[in-house]
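Heads up: the structure comes next, in structure tokens.
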Amino acid sequence: MRIHKTDFRLWTRRDFVRTGLAAAGAAAVGARAHWGMSPAFAATDAASDLDVLARRVRGRLLRESSPGYDEARRVWNLAYDRRPLAMVRATDVDDVRRCMEFARKHTVPIAIRGGGHSDAGYGVADGALQIDLGMFNHVTVDRDRRVASVGGGTRIRDLLRASLAAGLYTPMGGCGSVGVAGLTLAGGDTSGRGLYGTACDNLIGAQLVTADGEVRELGPDRNEDLYWAIRGGGGNFGVVTRLDFRLHPVVPLHSAAFQIGWQGIAGALRAFGELIRDTPDEARAGFYLDPEAGASVECGYRGDATAAAAYIDKWTAAFRPAQARLSTSTPNPEGEVWGTTSVAVDGAFIEDLSGGVVDVLARAATEGRGIGQMLLGLSNGVAARIPMTATAYPLRGTGLSSLFDAEWRKPEARARAERWVAETGAALRPWARRAYVNYLPPSAPERIREIYGVNYPRLARIKARYDPANLFRENQNIRPEAGRER
């Protein structure tokens with residue numbers, strides 16, 4: 001059973017398929033960097049050059065014949081069983097740069113493993129050189145400046161433990177073992193985005209190793225093109241070795257959950273759609289489908305208890321006679337543990353719950369009974385008001401960032417799970433061209449272009465400038481395209 005947990009107790013993966021955190025993505029922490037590193041690989045044979053690389057990196061290099069290779073290549077989503085050429089457990093920026101030198105010479109694709117939780121299995125790839133950033137897990141918190149800096153391999157739980165100890169918080173996903181970088185670079189759908197924006201909206205700086213081996217500082221006035229691109233463009237532009245986040249004061253979350261079950265799902269969806277038409281920034285909301293228990297609805301309000309009670313009262317009236325389960329909480333660093341599983345996924349950003357889209361969702365819920373899970377998570381407030389082209393992240397405007405998934409334990413159940421997910425995603429496409437890229441299966445170039453929409457041409461030009469050979473292609477890939485970058 002796949003378990004997610006957001007920052008309040010009632011929202012679990014089975015009770016709550018919710019919060020997008022999938023991560024893998026681009027990551028790792030910056031230590032030291034020596035500029036002008038000279039080429040070191042004279043051999044023409046990649047296997048021979050792996051021997052050279054193994055001697056030059058401080059971290060451990062594994063290849064197919066190495067003890068521990070099979071365990072090291074395993075990722076959270078067991079649906080993906082891939083065999084990389086080699087894996088380097090990098091210990092510093094120089095290790096990352098030496099890996100890039102090898103990849104450039106042999107035109108070997110790079111797979112970047114941060115948390116290893118990518119729904120699409122992108123922490124590992126056939127024939128690739130995997131850079132494992134698990135050693136890059138430092139966290140520093142500047143309480144006075146309200147800034148946290150983390151290594152690219154840092155997990156959510158480590159960031160939140162450190163920031164909460166200082167009485168501060170930055171929006172993150174709900175599974176503590178997910179990688180911070182993989183979440184953030186895809187945009188970072190989080191439960192706090194109404195009040196604080198997404199994870200990428202709170203990213204105020206980063207360090208990036210690009211395909212040419214250069215170590216670049218990113219921020220509002222440093223390498224602005226790359227800073228724009230990594231806030232939603234995923235791991236397409238290099239290996240992120242440090243991320244700097246804006247922090248906020250911790251406020252309590254008051255929440256209510258309503259169990260709907262299997263009867264009246266369409267009516268519950270319409271009521272939910274009406275309630276989210278006008279929501280304050282402090283609000284959060286989600287509609288969920290559990291394969292055994294059926295539908296449930298949850299709402300929350302961050303901050304003042306009196307204002308929260310008035311907000312929750314509206315939901316209680318709308319979903320009567322369902323009994324409201326009430327709770328008050330603050331962020332939980334550990335969240336829930338996601339045990340490894342095999343799962344098919346797809347995503348959709350639904351702008352409005354009305355008309356045909358409700359019929360599609362209700363029908364999918366019935367057809368998926370026993371296997372299918374849904375999360376429809378409200379994106380509103382601060383995240384919704386940021387202009388579409390301000391960052392690469394394409395999910396602006398109020399809507400529901402939605403995940404559809406189905407797990408299997410036995411091989412014979414795989415076909416049904418994958419079919420339900422694929423058919424649900426296809427049926428929603430007329431209402432949902434955009435989607436959160438961390439909710440997608442490995443997707444065709446046309447789908448990625450569609451999702452990024454107006455931002456795609458600029459992303460493709462930046463890609464062409466910094467990764468013309470597309471070494472960073474083991475991801476939801478943005479292909480390099482010629483054209484002047486503005």
Next item on the list: Out of SER118, SER149, report the one residue that is surrounded by fewer than 24 Cβ atoms within 10 Å (Cβ to Cβ) and either of a type in the set (S, T, N, Q) or without any contact (Cβ under 8 Å) to a residue 60 or more places away in the chain (or both).
Entry: SER149
Check: Is it the case that VAL124 is buried (at least 24 other Cβ atoms within 10 Å of the Cβ), touching a Leu at 6+ places or on another chain (Cβ under 6 Å) and of a type in the set (A, V, I, L, M)?
Finding: no
Note to self: All but one of (1) surrounded by fewer than 16 Cβ atoms within 10 Å (Cβ to Cβ); (2) in contact with a helix residue (DSSP H, G or I) (Cβ under 6 Å, 6 or more places away or on another chain); (3) closer than 29 Å to HIS106 by Cα hold for ARG433; state the number of the condition that does not hold.
What the structure shows: (3)
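Are any of the residues in the range 319-328 on the phi < 0 side of the Ramachandran plot, in a helix (DSSP H, G or I) and over 28 Å from the mean Cα position of the chain (by Cα)?
If we filter the range 319-328 for residues that are on the phi < 0 side of the Ramachandran plot, which is where we start, we get 319-328.
The next check asks that each one be in a helix (DSSP H, G or I); those that pass are none.
No.
Please go through the range 397-421 and give me each residue that is surrounded by fewer than 18 Cβ atoms within 10 Å (Cβ to Cβ) and either farther than 29 Å from GLU481 by Cα or not small (Gly, Ala, Ser) (or both), ordered by number. Don't jump to the end; show me each part of the working.
From the range 397-421, those surrounded by fewer than 18 Cβ atoms within 10 Å (Cβ to Cβ) are 397, 409-416, 419; that's our starting set.
Those that are surrounded by fewer than 18 Cβ atoms within 10 Å (Cβ to Cβ) and either farther than 29 Å from GLU481 by Cα or not small (Gly, Ala, Ser) (or both): ARG409, LYS410, PRO411, GLU412, ALA413, ARG414, ALA415, ARG416, ARG419.
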Next item on the list: Quickly run through the range 85-117 and pick out the residues that are touching a Leu at 6+ places or on another chain (Cβ under 7 Å), closer than 16 Å to ARG63 by Cα and not hydrophobic (A, V, I, L, M, F, W, C).
Entry: PRO109, ARG113
Note to self: Going residue by residue through the range 221-238, is there one that turns out to be touching a residue at least 60 places away in the same chain (Cβ under 8 Å), surrounded by 24 or more Cβ atoms within 10 Å (Cβ to Cβ), acidic (Asp, Glu) and farther than 24 Å from GLN130 by Cα?
What the structure shows: no
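Being surrounded by fewer than 20 Cβ atoms within 10 Å (Cβ to Cβ), β-branched (Val, Ile, Thr) and either within 16 Å of GLU423 (Cβ to Cβ) or touching a helix residue (DSSP H, G or I) at 6+ places or on another chain (Cβ under 9 Å) (or both) narrows it down to one residue among THR366, THR341, THR316; which is it? Write out each step before concluding.
Working: THR341 fails: either within 16 Å of GLU423 (Cβ to Cβ) or touching a helix residue (DSSP H, G or I) at 6+ places or on another chain (Cβ under 9 Å) (or both); THR316 fails: either within 16 Å of GLU423 (Cβ to Cβ) or touching a helix residue (DSSP H, G or I) at 6+ places or on another chain (Cβ under 9 Å) (or both).
None of the others qualify; the one that does is THR366.
Taking the options ASP290, ASP359, name whichever one is under 23 Å from the mean Cα position of the chain (by Cα), assigned by TED's automatic domain parsing to the domain that holds ILE265 and of a type in the set (Asp, Glu).
Working: ASP359 fails: under 23 Å from the mean Cα position of the chain (by Cα).
Only one candidate qualifies: ASP290.
The values are calculated or read from the model by the stated rules, or taken from the named source; none is laboratory data. Not measured: the values here are computed from a predicted model. With ideal geometry, Cβ positions are generated from the backbone for all residues, glycine too; neighbour counts draw on all protein chains shown.
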